[in-house]
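Every read-out reported here was derived from the displayed coordinates using simple, explicitly stated rules and does not represent laboratory data. Worth saying up front: this structure is predicted, and the values here are computed from it rather than measured. Glycine also receives a Cβ, built like all others from the backbone with ideal geometry; neighbour counts cover every protein chain displayed.
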Amino acid sequence: MPPESLDRLTIDKSRQALPAKMSGRLKLYIAAAVILAGVAVVYFVRSRVVTIETASVNQIYPTQSFTLLNASGYVVAQRKAAVASKTTGRLEWLGVEEGSLVKTGQVIARLENRDLQALVRQSKEGVQVARGSREQVMAELVDAELSFKRQKELLRLGIVSRSEYDAAEARFKRAAASVSAAEAGIRSSVASLDGASINLDYSLIRAPFDGVVLTKNADVGDIITPLGAAANAKAAVVTIADLASLQVEADVSESNLSLVRKGQPCEITLDALPALRFRGAIHIIVPTADRSKASVMVKVRFIDTDSRILPEMSAKVAFLEHEAAKEDRQPRIAVNPAAIVKSGGRDGVFLVKGDRVVFVPVSIGVKIGEMVEVSGVKSGDRVALKPLDRLKDGDRIELPEKK
């Protein structure tokens, strides 16, 4: 081999390895880069935002699974009266207000009646005068009868003349007639007293049945008249209703009339008491249709009563296929079954909390209609519905409406 070839095989001392100090710094840079890359990956994974659809956790009743028909209506008192006076007068006293409970025959208001009271007193005195007059003519009758009997006996003996006998007889008959007239006078006076008492009673406004006062239509000082035709006059003093007669009047479409029948079990919900369900039954299907709405009115009576149920409240009626058992009337917490996922061998849902989702284990119960009973969440919670396969516990989420 030529010498110049051997020269090429020698090591160039000028190209030695980097100093040890430079090698250690490079390793440090590489480690820092790896750590930063890991942090970036974690940050990217944790900061990713998943757009989801949600479903609500609802409180439902098992009766919804065998409800044939739903209808809306209002609570109406079937026994209701606008209480007024039979005579015209100024209202002097009013003893009730809205919400007052009244009993049959209870005096709830009074018109000015001093003139009627005076007339009653006058009629009572007239009765006493008539009775006194009858006592007088009765005494006269007794005396006339004794005199007539004596004259009759004396005439038989020939002691008195026929004219004296006739005078005694005439006196006896006049006395008897006077007694009849006095008794008629008493009856007339009593009738006058009855009339005055009735007129006085008309000035007292009474409750026609047991109920509660709904509205107060007049105040003390108002003129009350039966017809209310006079200017500024009031016809009704108060309006009362029998709360025991409350029923829900709901309109049912003619096309759905075949789904309801008299006595059919129902479930009543009031907008004012949304957490309660009241048992009911169809009392009557009104035998006429409303052509403008193509519907028929159905009256539903309450089986369960509550003092908070008031006339004119909005109501919804569910017409049931069969009577609800006790357990069917208890509310259940339910969710769309599509929201339930398995994680770590457990059933659960992704609960929306702010802008993240949290996996919450749940216990699954029975299926109720299109929902499934669950425990571990509460009514009103929102849970993720889709895409569940892209979600993990703690993921950030975004709702479509917030995009």
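Take peptides 205-217, 120-132 and line them up by average Cβ neighbours within 10 Å, highest first, as a rough protection proxy.
Those peptides, ordered most packed to least, come out 205-217, 120-132.
Of the peptides 389-396, 245-252, the ranking by mean beta-carbon count within 10 Å, highest at the top, reads 245-252, 389-396. Strictly over 31 Å apart at the Cα level, which of LYS103/LYS293; LYS80/LYS262; LYS299/LYS326; LYS326/LYS378; LYS293/LYS378; LYS262/LYS326 would you flag in this model? LYS103/LYS293; LYS293/LYS378, as the Cα separations exceed 31 Å there.
Taking amide H as placed 1.01 Å from N in the peptide plane, the amide H of ASP381 sits under 5 Å from that of VAL57, each at least 5 places away or on another chain. Here segment 233-250 and segment 68-109 have alpha carbon centers that stand 5 Å from each other. Coupling constants for segment 359-376 follow from the phi torsions by the Karplus curve (6.51 cos²θ - 1.76 cosθ + 1.60, θ = phi - 60°), and in residue order they are 6, 10, x, 9, 9, 9, x, 7, 8, 10, x, 8, 10, 10, 6, 9, 10, x Hz; glycine and proline get x. If R0 equals 51 Å, the separation of the Cβ atoms of VAL107 and ARG150 corresponds to a calculated FRET efficiency of about 0.30.
Annotation: amide H-H contacts under 5 Å for THR51 (H modelled 1.01 Å from N, sequence separation of 5 or more, or interchain): GLU398. Put simply, the amide H of ASP395, placed in the peptide plane, has neighbours under 5 Å in VAL357, leaving out anything fewer than 5 places away on its chain.
Given all pairs of different Cα atoms, what value in angstroms does the Kirkwood hydrodynamic radius of segment 114-202 take? Write down the numbers at each step before the final one.
Details: mean 1/r = 0.0666 Å⁻¹.
By the Kirkwood definition, the hydrodynamic radius is 15.0 Å.
Computed packing ranks the peptides 283-291, 355-363, 236-244 as 236-244, 355-363, 283-291, most packed first, by mean other Cβ atoms within 10 Å. Computed from backbone phi, the HN-Hα couplings of segment 169-183 come to 5, 5, 4, 5, 5, 4, 5, 5, 5, 4, 5, 4, 5, 5, 5 Hz, rounded to whole numbers (Karplus: 6.51 cos²θ - 1.76 cosθ + 1.60, θ = phi - 60°; Gly and Pro given as x). Both radii are taken from the alpha-carbon atoms of segment 311-374; with Rh as the Kirkwood radius, Rg/Rh is 1.14.
If you sort the three axes of the alpha carbon gyration tensor as a ≥ b ≥ c, you get a/c of 1.5 or more for segment 343-403 and a/b above b/c, which makes it prolate.
Between the labelled values (1) -0.29, -0.39, -0.85, -0.96; (2) -0.62, -0.71, -1.02, -1.08; (3) -0.24, -0.33, -0.81, -0.95, the entry that holds log10 I(q)/I(0) by the Debye sum over Cα atoms at q = 0.06, 0.07, 0.11, 0.12 Å⁻¹ as derived from this structure is (2).
Computed from backbone phi, the HN-Hα couplings of segment 104-113 come to 4, x, 5, 6, 10, 7, 9, 8, 4, 9 Hz, rounded to whole numbers (Karplus: 6.51 cos²θ - 1.76 cosθ + 1.60, θ = phi - 60°; Gly and Pro given as x).
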